[in-house]
Every structure is written in C-alpha cells, then in structure tokens.
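Engineer: One structure follows; several queries about it will come next.
Throughout, read-outs are computed from the coordinates displayed, never taken from laboratory work. Bear in mind that the values here come from a model prediction, so they are computed numbers and not experimental data. Backbone-built Cβ (ideal geometry, glycine too); neighbour counts: all protein chains shown.
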C-alpha cells in the first residue's frame, strides 16, 4: 500500500488548449473509436494562446498525432461498466476504454492532414463536437505501436464476433421513406451508424441502446430517434422510425433542451403514433 | 478562430489514482521512452480508493496497458524545445514528446505482468519514481497500432542515425575503478544509461547534457555525476568520473537537496580534483 493518503494529494489542474470541431453534436453520432475507413475530415481549433502557433511547428511529415482530451459529457466514474460490445456483462473499468473514468481523459491517434495557424485538419475521430483538447503529441510507431499485443476479453469477443459473422440489415419501405424524409427535410442522419451497430450485433444491450419491445421485436435508440426492427436468422429488418421523446415532452415549452424538437413534432403530425 | 475565450474556460481537475514505483529517483535515470528490450519490472500502486480494486478486474489477458500520467517534475511549458536527440535545433513542442507541455500529461504503453489487489506489476517504463498516475487503459492494437505511420523530423533523424552508425564506447582504467567504487560503496549506477547515450550520439547537446570541456574533450552530466570523455573517429573513451556539484555546495549545510551528497564528498576525498 502507498504511504500517501488520498486526502493529502493535491489536485492537478488542466486547461483545454483547444476544442474539436467534428460536427457530431450527440454522443450517439460519435463513434466508440475512430472509423479509420471513413473519408472524414475534422478540425481542432486551438485557443489563441501566445506560443501555441510556434508549438505546432515541425508537425509536417507526421502521418498521425495523439489527441489527449477530456470526456466533458461525463460526470461520474464507475468501477464496473457494460461496454458497447463485449460479453454482455459488466467489466472492470480499467479493462475498458469507457468514458466513466476517475480522470475522464481520452487518447485517440488521428490522421493529421495539415496545420494552418491555430487549426489542425485531422481524419476520422471519435470526439463529440466541442470536446476539450488537452494535448497533441506525435505518433511514434517505435514507442506506440504493438500490433501483436493480446487483448483479453476484447480479443475473445472479437473472435466470437468473427465466428458469428455480420447480420444482413434490410430497411422496409415505411422506414426507408421516414429516413429519407428526416434527411431531406431536417438534415437528420443516423442510418449509417444504426446499420453498422445492427450489422455487428443486434441483440438487446443497454449501451448499444437496443431493447426488447413490448408486444415483440426490438428497438434501437439513435439520439432523438428510435428505429423498430425484427431479427430472424441473422436478418435484421428495420420496419419503422419514431421520435424517442413522448409528445407530452415535445409540447412542454419549459423543456428547452430537446434535440430535434421541431423535427419530432413534424414527424408525429405526418406519422401519428397508433 | 474559436469563439470561446481562454479566460472563460473552466479548469479541469485531475486526481492521481496512484503512483509509480520504478526505483528511478532522478530524471536522468528514467528513459526518454521505455526500453522495451530490458527485463525491468516496475509497479503501480493505486490509492486505496473504494472501487479501484473492482475497476482493475478483467485486465487478465491484456499484454499491455496505457499509462496516462502527470509530468510532476516540470513546472512550465515551452513552445519550442530541443529534443534529447534530433536535428540539434529547437522544434515545435507539439511535434515532440517533451515534458514541457501546457498540460503535462504523458502516455506510455507498458507491458502488464499482473494485478494483485491495488498493485499492478508492469514492464519497462520511462517514469520517475513517484510519478502520479491518472489512468490505466487497455492497449487495443486495432485502435492504437499504426506501425507504418510516418514520423517527420523524427524519422529523418532516425535514418541519419542509422546511416551514421553507433559509436564504440570504451571505459579507461581510472573511470572503470571510479564507476565500480560508486556502485559498490554507494549504490550509484549510471554507466548503462551513459554508455547508451554516448553510443547513440556523443556530440555536444544541451538535453543530452554533453558539453565541450575547457581545454579539450567533452563531459556528460549524469544526475549528480559527470563523466569526462574524448571522441576520435567514432570511438568514445570515458577517461574519468567526477562529482557534478562544486565542493563549496557540498559543504554548505544550508543546501539540503543535493543528491548523492555523501558519496560526492567521499569521492572528492578519494580522488581530489587537480
């Protein structure tokens, strides 16, 4: 046991050096880890602090940088968590990359496309828009890259998943119409991420936000929306979409922080719930 | 430019979750990055905080974990720094892994050998004894490992170094005797790290702490000690060792924080300076 007592240890204070601009405003839209295959571009805007511009010099030629950042949407830590995929049971926090950490610090190696004054152009990342950035470090394969490293429960699950294979995901006509309407009229897009989750594993799971539905079938929550689906022999069929907030919430003007409120109300007028 | 003003941004507060026990008490003894070839064992002792023991569950089977830690021996940041190796000029901080960062946070992927209650047994690391640990995360090659990532100035220097080849380092009889005496009598050991630095690049350099010596030759500072050497055609010869602190310091009882004080005084009695 260490001799230092927790109560005698001084706090360490961080200051954001900047913020991410990723266009992903909800946790749902951000990935659990970067999708390296995507052609995505994101930006880090550093604060106009004297010296930061000079500190960015000499990054040319590095393919990748580490972002060290603050999980600003999390407020408390938990010793055990249920990962978004995995064996479906609660695991020790330090064996996961969950945000619910004693010090909510994330690390992500991202592709670096360029630096212009206080702005870095980067590739795919898993950060919600506005996440505070604490540090930028060069990615050095000789210190950071261990391709053969074994990964305990994570590796076991990846193997099981590979054996199980992906599900086919079909979108029925009504759901197709609803998703297109949301995208065209309201710029609401969650189909890609939803299909990806369902392809991987459509089983009910709290963190994937998939539930058994009263009366049969399942639904998956996607930000302010829900999709209803059934699953037969590894074929998932998304039958319909619906607002995730109840009408009574949507009409309560005291509640000011309802995402996609206008779109949800319009949706209910067009497709009234039974 | 971001709309948020630095002065309006709230500070983020970290608390150490534990401390490293690495047996390396001086910055000199800790490496710039872990020496993966070493058979070294180190320990992390977590604080006895409720929940930490459960949070360590399920780490079995992971070869490696990330340590996220606080560079507690650094007090200020610098926008440009001179790396311990490299082109010998000052480089933008964010293109380096220097400790002099706005948020002095380090990340190191270390081998995990085991977990016992609040203690983790780990492999080689670059952390000075007593460094505060902020987080432990599993190393996941599919998110963390990019062996082919290009590394700008670092890669250029590595190539140049490979072309230049290592120096042969010889220890002359007097230096051999002095190093053995320090190790036997005083448990002071810096030969390994010193030889490693000189093998790699014995040219004068502030961060490597190699200087031209008045009257010819060079010296390298190693914690509380200095080694004198010359270099001819890629052959380095270490001729002698000497205390780094002047006698007047060593005898000044007001100065309480002189490392290896007793050993330095004894050394000067045995090998008085000319």
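Engineer: Compute the FRET efficiency between residue A:242 and residue A:200 as 1/(1 + (r/R0)^6), taking r as their Cβ-Cβ distance and R0 = 25 Å, and round to the nearest 0.05.
Structural biologist: 0.65
Engineer: Per Stokes-Einstein, at 20 °C and 1.002 mPa s, what whole-number D in µm² s⁻¹ belongs to the stretch A:9-144, with the Kirkwood radius over Cα pairs as the hydrodynamic radius?
Structural biologist: Estimated via Stokes-Einstein, D reaches 134 µm²/s.
Engineer: Can you give the mean number of other chain Cβ atoms that lie within 10 Å of the Cβ atoms in peptide A:69-80?
Structural biologist: Shielding by partners across A:69-80 averages 2.
Engineer: Test of understanding: express the Cα radius of gyration of the protein assembly as shown as a ratio to 2.2 N^0.38 Å, with N the residue count.
Structural biologist: Rounded to two decimals, the normalised Rg is 1.15.
Engineer: Another question, then. How would B:47, A:82 line up from fewest to most surrounding beta-carbon atoms within 10 angstrom?
Structural biologist: Fewest-to-most Cβ neighbours within 10 Å comes out as A:82, B:47.
Engineer: Got a sec? Which residues in the stretch A:238-274 would a label at residue A:25 touch, if it sits 7 Å along Cα→Cβ and we count backbone N under 15 Å?
Structural biologist: A:256-265
Engineer: Moving on to the next point. Under 8 Å for C-alpha pairs, at least 6 residues apart: give me the relative contact order for the stretch B:45-145, rounded to a whole percent.
Structural biologist: Relative contact order for the stretch B:45-145 comes out at 38 percent.
Engineer: Another question, if that's okay. Report the residue of chain B with the smallest Cβ-to-axis distance, using the rotation axis that brings B onto A, in whole Å.
Structural biologist: B:145, 2
Engineer: Across peptide B:49-55, how many C-beta atoms of other chains are within 10 Å of each residue C-beta, on average?
Structural biologist: 6
Engineer: In nm, what does the list of distances from residue A:50 to its counterparts in the other copies look like, shortest first, when each label sits 7 Å along Cα to Cβ?
Structural biologist: Distances between equivalent label points, in nm: 4.8.
Engineer: Can you give the extra length, in nm with one decimal, that the chain gains between residue B:207 and residue B:251 once fully stretched, where that is 0.36 nm per residue apart less the Cα-Cα distance?
Structural biologist: Gain in length upon complete extension: 13.0 nm.
Engineer: For the stretch B:168-270, what does the relative contact order come out to in percent, with C-alpha contacts under 8 Å and a separation of six or more?
Structural biologist: About 26 percent, as a whole number.
Engineer: Determine the calculated [θ] at 222 nm for the protein assembly as shown from helices alone, applying -39500 (n - 2.57) to every DSSP H run no shorter than 4 residues and normalising by the residue count; nearest 500 deg cm²/dmol.
Structural biologist: It lands at -6000 deg cm²/dmol.
Engineer: Counting other beta carbons within 10 Å of each Cβ, put B:253, A:207 in order, fewest first.
Structural biologist: B:253, A:207
Engineer: Along Cα-to-Cβ, 7 Å out, sits the label point; list in nm, shortest first, how far the one on residue B:234 is from those in the other copies.
Structural biologist: Label-point separations across copies, in nm and ascending: 5.8.
Engineer: Give the average, rounded to an integer, of partner chain Cβ atoms located within 10 angstrom of each Cβ in B:16-23.
Structural biologist: Mean number of neighbouring Cβ atoms from other chains: 3.
Engineer: Sorted from shortest, what are the nm distances separating the label point of residue B:129 from equivalent points in the other copies, each placed 7 Å from Cα along Cα to C-beta?
Structural biologist: Ordered by distance, the counterparts are at 5.1 nm.
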